[in-house]
């Protein structure tokens, strides 16, 4: 097992948004070990709402076997806005790319379990 995080997306705009997930590498998914990154793929987030609420969705990197020497990554996209690519290396989540940093604001708190919050300010 690897390093986990609770991921939340907050829509601080006046319009609904659709999320998508791409580029999954070395991540548990589909409730394997409680990690469910795919819940974000195709999710609609209403204006002024958070997804999922409350507390975010648990996600976890795979840090063993074929992934022992591989950085865990995934890309969270907001339709028509941009995307953020996240990476976990040595139990520390970070942003490796943000295509729209002025509108997609990211907060990462690494600890025993990380907290990742993406805020859309459209």
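Tabulated values for the structure
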{"item": "Contact order normalised by residue count of segment 4-120, Cα under 8 Å, 6+ apart, percent", "result": "32 percent"}
{"item": "Spin-label model distance (nm) - residue 64 vs residue 94, 7 Å beyond Cα toward Cβ", "result": "2.6 nm"}
{"item": "Average Cα contact separation per residue, segment 1-52, under 8 Å, 6 or more apart, as relative contact order %", "result": "51 percent"}
{"item": "Antiparallel bridges, percent of DSSP beta bridges restricted to the chain (to nearest 5)", "result": "85 percent"}
{"item": "Mean shadow area of segment 4-122, taken as a quarter of the surface of its Cα convex hull (nm²)", "result": "6.7 nm²"}
{"item": "Whether segment 55-122 is rounded, prolate or oblate, judged on the alpha carbon gyration tensor where a/c under 1.5 counts as rounded", "result": "prolate"}
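The numbers here are math on the coordinates, done by the rules we state, and not lab data. Keep in mind that what you see is a predicted model, and the values were worked out from it rather than measured. Using ideal geometry, Cβ is built from the backbone for each residue, glycine included, and neighbour counts are taken over all protein chains shown.
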